[in-house]
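The values are calculated or read from the model by the stated rules, or taken from the named source; none is laboratory data. Everything quoted here is computed from the prediction, not taken from an experiment. Glycine also receives a Cβ, built like all others from the backbone with ideal geometry; neighbour counts cover every protein chain displayed. Surface accessibility is based on the protein's heavy atoms, side chains included, excluding ligands, DNA and RNA. Shrake-Rupley method; radii C 1.70, N 1.55, O 1.52, S 1.80 Å.
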Amino acid sequence: MTRGIGGNSPANVQKYLSGVDYPAEKQDLIEAARRNDAPDEVMQTIRKLPEDNYGGPQDVMKGYGDID
């Protein structure tokens, strides 16, 4: 996956996580992205995140960096 281009950029992913109450689990991120009408490519990226408990946006970005 090419990083930083189109819908898969970290900033674009964060845009669709607006309203998440941290700490949050991966499922919370998926639900927030769905509520925020995230496009399919962003939803796919969020689904690839490690199953984890995310303390804040910085933890989401760390998980994003771990995606193959």
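Looking at (1) part of a helix (DSSP H, G or I); (2) open to solvent by 30 Å² or more (accessible area, probe 1.4 Å); (3) at pLDDT below 90, which is the one condition that is false for Glu31?
(3)
Which ones in the range 6-27 are closer than 13 Å to Met43 by Cα, at pLDDT 95 or above and surrounded by 12 or more Cβ atoms within 10 Å (Cβ to Cβ)?
Of everything in the range 6-27, those that are closer than 13 Å to Met43 by Cα, at pLDDT 95 or above and surrounded by 12 or more Cβ atoms within 10 Å (Cβ to Cβ) turn out to be Tyr16, Leu17, Lys26.
Among the residues of the range 45-56, is there at least one that is assigned to a helix (DSSP H, G or I) and acidic (Asp, Glu)?
No, the range 45-56 contains no residue that is assigned to a helix (DSSP H, G or I) and acidic (Asp, Glu).
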